[in-house]
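Step one of this worksheet: look at the structure below.
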Amino acid sequence: MDDIRILDPADIGTLIAELRRRGYRVVGPTRRGDAIVTGEIRSVSDLPHNVGDTQGPATYRLTEREDSALFGFAAPAQSTKPVFFPANEVVWRGRRDHEQGGHFTVERDTPDASAVALLGVRSCDLRAVQIHDRVLAARDYKDAHFTARRDGTLVIAVACGEPADTCFCASMGTGPRPAATNHETGHPAYDLLLTEVVTTEVLYAEAIDEASHHFVVEIGTAAGREIADAIEAKPGTGRDQARAIEVTDAAAARQTRRIDRKSVHDVLRVSAESPRWEDVASRCLACTNCTMVCPTCFCTTVSDVSDLTGENAERHRVWDSCFSAEFSYVHGGPTRESTKARYRQWITHKLSSWEDQFGMLGCVGCGRCITWCPAGIDITEEAAALGRMSGLGSTASAAMT
Amino acid sequence: MTTAGEARVTGGTGFAHYADPMVPRRYAIRRVRQDTRDTFTLLLDPVDGEPLTFRAGQFTMLHAFGVGEVPISISGDPRAVTSNASPAPLEHTIRNVGAVTRALVHAEPGTEVGVRGPFGTSWDVTDATGNDVVFVTGGIGLAPLRPAILEVIAERDRYGKVLLLYGSRTPDDILCGAEMRRWADLNDVNVQMTVDNAPYGYKGKVGFVTELIARAGFQPRRSYAFVCGPGPMMLAAATALTARGVPDARVRLSMERSMKCGIGLCGHCQLRELFICVDGPVLDFARVKPLMTVREL
């Protein structure tokens with residue numbers, strides 16, 4: 001759909017109001033303390049203004065910008081994962097009647113599952129949602145809660161113009177500009193795509209409009225167009241779209257980390273007995289941070305919470321991590337006792353066995369596992385080292401790290 | 001995402017519209033039968049009267065109210081559960097080794113438990129029609145194989161030789177001893193038993209069950225083998241069977257891993273690319289051999 005529109009920064013507030021008027025719960029990036037997290041966006045003031053970030057191995061700092069940017073940061077501390085897949089939720093509640101010999105009843109929760117408008121979701125995180133669509137909602141057994149929450153989602157994506165040092169979406173083929181369609185399903189990837197163009201030096205007087213802070217809007221679906229029409233978004237041109245593509249091309253060119261996604265599946269496949277695991281295990285704290293911030297990690301466990309009478313119980317599903325000792329526990333002990341076995345499981349799943357399971361890699365290149373690892377372990381560096389040691393990796397893979 | 005032109009939220013959609021395989025059905029305990037020192041069989045009747053049909057080798061997630069849930073293979077006869085005359089109870093044989101199993105074996109008759117499933121793959125013993133059949137197991141590993149053995153016995157003349165090689169830690173730990181003798185006496189099953197440790201004066205065989213494979217009387221190239229036990233035992237058994245010439249793809253194993261959902265979503269049971277709960281638990285040796293030889297995979 002080659003339909004280009006232009007929004008001024010002030011129009012973003014109008015857009016949010018229009019989405020809310022239509023009944024959507026608008027969810028997007030918002031500042032909480034010294035981090036960008038995912039939360040409800042009630043008005044434009046909930047979006048981070050003039051906020052940038054600096055990310056590196058084990059480093060995350062917000063910075064101040066002076067260009068009034070609304071999306072001037074890279075991957076938020078939190079992805080959109082919890083929107084459809086909360087870290088802790090009740091699967092069912094039970095009530096037992098002791099009088100009647102242990103009879104019990106089961107009740108399912110019916111929380112508000114009102115449709116979500118994802119505002120400002122990055123290309124990497126949008127790809128992660130598509131991956132969860134495949135993993136959680138397109139198999140023989142579906143995650144009922146994810147499927148319900150995901151129903152009727154409106155996506156207003158933001159093309160990323162500000163990659164962090166930890167980003168490597170370009171090498172994963174997942175960003176910084178999102179593909180218009182999900183190439184597995186053929187469905188449109190977004191309803192609207194915004195590219196934020198911040199004020200730049202003005203060379204010609206007639207280019208002032210083009211240079212001032214604005215958003216290039218690309219329309220992905222009829223639903224997206226309806227909303228663009230409703231807020232009377234000004235028409236744009238092919239030149240505006242070219243400008244938007246320049247923004248993301250520049251962002252891609254600035255990324256220094258990469259994974260060679262052509263060879264990485266086979267590299268991990270043959271590396272099960274690599275000496276590299278000892279090396280990484282000597283640094284890894286098995287703290288589970290990487291799995292908690294990963295937008296695609298989907299492992300969960302269940303815990304039963306009962307009251308003092310033992311008559312009321314709730315069964316909770318909570319995020320779990322393959323880095324914990326309990327994760328692989330069967331009577332007698334954990335299957336993966338050592339940290340090296342757990343790290344191997346995690347990275348092999350992300351970059352190899354995920355493809356065997358789902359026909360896609362489980363990593364979107366958001367770099368959060370690098371940023372939030374207290375030891376600064378870098379998935380791109382580990383993949384490159386395994387590539388070198390196995391002899392199967394592309395030499396380019398290692399060049400940047 | 002929204003593909004229709006209607007960019008407006010229409011009506012609230014609660015979770016109740018979506019069937020949730022995480023929600024159990026209720027079963028009442030008819031009886032808990034003690035089989036050995038630490039092994040018990042739960043006999044369950046569906047509260048809603050609707051029998052649970054299953055295939056030999058499949059498992060369910062058994063839930064003890066307020067305590068938790070465990071994956072347990074079904075140990076009963078697949079055909080008896082749906083019998084019109086008087087449906088047999090659903091059978092699970094468990095060892096009392098954890099909080100959930102303790103709660104289950106100590107429950108009074110009439111107590112309700114949660115059941116989800118059946119889940120997973122089957123032994124598919126009928127593939128072995130016209131061939132010799134070798135069951136190799138030990139201890140409680142007999143329980144997941146029992147439905148398959150009952151299926152073979154029910155149509156005994158469709159198979160060649162049928163062997164059951166059974167190992168146990170001690171003579172007291174032998175599960176279904178009387179039933180195994182019946183299979184030997186009445187159903188032409190060659191049952192061979194061995195124990196790891198025996199008291200003074202014990203007349204039977206002593207040694208590992210895998211040691212019985214080398215001399216057992218079956219035609220390797222015309223055999224199917226069904227193996228259930230701890231990982232190292234299954235690897236040793238499969239290696240001994242294939243060394244005699246049973247093709248890798250005709251040796252089937254029932255794999256065990258941590259499981260929290262039974263439906264491929266919780267991630268716990270992964271063995272490289274396999275979700276043991278949906279791709280297994282029964283898998284052929286050709287598929288899992290490379291995965292069983294890497295430590296802590």
Top-ranked residue in region A:235-244 [being touching a strand residue (DSSP E or B) at 6+ places or on another chain (Cβ under 8 Å) and part of a helix (DSSP H, G or I); ranked as farthest from A:Arg177 (Cα to Cα)]: A:Gly238
Exclusive hit being more than 30 Å from A:Asp97 (Cβ to Cβ) and without any contact (Cβ under 8 Å) to a residue 60 or more places away in the chain, set A:Glu382, A:Glu337: A:Glu337
Residue within region A:276-293 that is under 23 Å from A:Met360 (Cα atoms), facing another protein chain (nearest Cβ under 10 Å) and among the hydrophobic types (A, V, I, L, M, F, W, C) present: no
Any hit, region A:311-320, residues being at pLDDT 95 or above, hydrophobic (A, V, I, L, M, F, W, C) and not assigned by TED's automatic domain parsing to the domain that holds A:Ala137: yes
Lone unmet requirement of (1) within 29 Å of A:His183 (Cβ to Cβ); (2) within 11 Å of another protein chain (Cβ to nearest Cβ) for A:Ser338: (1)
Close pairs from region A:263-282: first closer than 15 Å to A:His349 by Cα, partner acidic (Asp, Glu), Cβ under 6 Å, at least 6 apart: A:His265/A:Glu355
Unique residue being free of Cβ contacts under 8 Å to residues at least 12 places away in the same chain and either in contact with a helix residue (DSSP H, G or I) (Cβ under 6 Å, 6 or more places away or on another chain) or in the same structural domain as B:Leu164 (by TED's automatic domain parsing) (or both) when the list is B:Gly267, B:Gly245: B:Gly267
Residue that is modelled with the highest pLDDT [pool: residues in region A:81-117 that are part of a strand (DSSP E or B), at the interface with chain B (Cβ under 7 Å from one of its Cβ atoms) and farther than 19 Å from A:Leu136 by Cα]: A:Gly94
In region A:26-67, the residues that are buried (at least 19 other Cβ atoms within 10 Å of the Cβ), in contact (Cβ under 8 Å) with a residue 40 or more places away in the chain and over 16 Å from A:Pro163 (Cα atoms): A:Val26, A:Val27, A:Gly28, A:Thr38, A:Ile41, A:Leu47
Qualifying residue in region A:279-298 (condition: out of contact with any strand residue (DSSP E or B) (no Cβ under 9 Å at 6 or more places or on another chain), at pLDDT below 95 and of a type in the set (Gly, Ala, Ser)): no
Flag for B:Val288 being β-branched (Val, Ile, Thr), touching a residue at least 60 places away in the same chain (Cβ under 8 Å) and either out of contact with any Asp or Glu (no Cβ under 9 Å at 6 or more places or on another chain) or within 14 Å of B:Gly120 (Cα to Cα) (or both): no
Helices (runs of 4 or more DSSP H) completely within region B:192-297 that count 1 or more residues being surrounded by fewer than 24 Cβ atoms within 10 Å (Cβ to Cβ), more than 14 Å from every other protein chain (Cβ to nearest Cβ) and not β-branched (Val, Ile, Thr): B:231-243, B:285-292
Unmet criterion (only one of (1) within 21 Å of A:Ile377 (Cα to Cα); (2) away from every other protein chain (no Cβ under 11 Å); (3) surrounded by fewer than 17 Cβ atoms within 10 Å (Cβ to Cβ)) for A:Asp266: (1)
Filter pass, B:Val67 being within 14 Å of chain A (Cβ to nearest Cβ), in contact with a strand residue (DSSP E or B) (Cβ under 8 Å, 6 or more places away or on another chain) and farther than 24 Å from B:Cys269 by Cβ: no
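Looking only at region B:39-90, how many residues end up being more than 25 Å from B:Val152 (Cβ to Cβ) and of a type in the set (D, E, K, R)?
Final tally of qualifying residues: 4.
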Matching residues, region A:118-159, being farther than 24 Å from A:Arg93 by Cα, facing chain B (nearest Cβ under 9 Å) and in a loop (DSSP other than H, G, I, E, B): A:Arg139, A:Asp140, A:Gly152, A:Thr153
Qualifying residue in region A:294-305 (condition: among the small types (Gly, Ala, Ser) and at the interface with chain B (Cβ under 10 Å from one of its Cβ atoms)): yes
Residue among A:Trp319, A:Trp354, A:Trp346 that alone is at the interface with chain B (Cβ under 9 Å from one of its Cβ atoms) and either touching a residue at least 12 places away in the same chain (Cβ under 8 Å) or within 20 Å of the chain's Cα centre (by Cα) (or both): A:Trp354
All positions within region A:160-173 that are surrounded by 24 or more Cβ atoms within 10 Å (Cβ to Cβ) and either within 14 Å of chain B (Cβ to nearest Cβ) or part of a helix (DSSP H, G or I) (or both): A:Cys169
Residues of region B:131-144 classified as over 15 Å from B:Asn190 (Cβ atoms) and either within 9 Å of the chain's Cα centre (by Cα) or among the hydroxyl-bearing types (Ser, Thr, Tyr) (or both), total: 4
Selection status of B:Val23, at the interface with chain A (Cβ under 7 Å from one of its Cβ atoms), farther than 15 Å from A:Ala148 by Cα and either over 20 Å from the mean Cα position of the chain (by Cα) or at pLDDT 95 or above (or both): yes
Residue match in region A:245-258 (condition: closer than 30 Å to A:Glu337 by Cβ and either within 14 Å of chain B (Cβ to nearest Cβ) or touching a helix residue (DSSP H, G or I) at 6+ places or on another chain (Cβ under 6 Å) (or both)): no
Failed criterion for A:Pro76 (all others in (1) in contact with a strand residue (DSSP E or B) (Cβ under 9 Å, 6 or more places away or on another chain); (2) outside any strand (DSSP E or B); (3) within 14 Å of chain B (Cβ to nearest Cβ); (4) not acidic (Asp, Glu) hold): (3)
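Being assigned to a loop (DSSP other than H, G, I, E, B), modelled with pLDDT of 95 or more and not hydroxyl-bearing (Ser, Thr, Tyr), is that true of even one residue in region B:40-55? Spell out the reasoning first.
Start the filter on region B:40-55 by keeping residues that are assigned to a loop (DSSP other than H, G, I, E, B), which leaves B:47-55.
Filter again for modelled with pLDDT of 95 or more, leaving B:54-55.
Filter once more, keeping what is not hydroxyl-bearing (Ser, Thr, Tyr): B:54-55.
Yes: one or more hits.
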Residues located in region B:91-109, provided they are surrounded by fewer than 15 Cβ atoms within 10 Å (Cβ to Cβ), more than 8 Å from chain A (Cβ to nearest Cβ) and farther than 25 Å from B:Leu145 by Cβ: B:Ala99, B:His106, B:Pro109
Residue among B:Glu151, B:Glu108 that alone is of a type in the set (D, E, K, R), part of a loop (DSSP other than H, G, I, E, B) and over 12 Å from the mean Cα position of the chain (by Cα): B:Glu108
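The values are calculated or read from the model by the stated rules, or taken from the named source; none is laboratory data. Since the model is a prediction, treat every value here as computed from it, not as a measurement. Glycine gets a Cβ as well: all are built from the backbone with ideal geometry, and neighbour counts include every protein chain shown.
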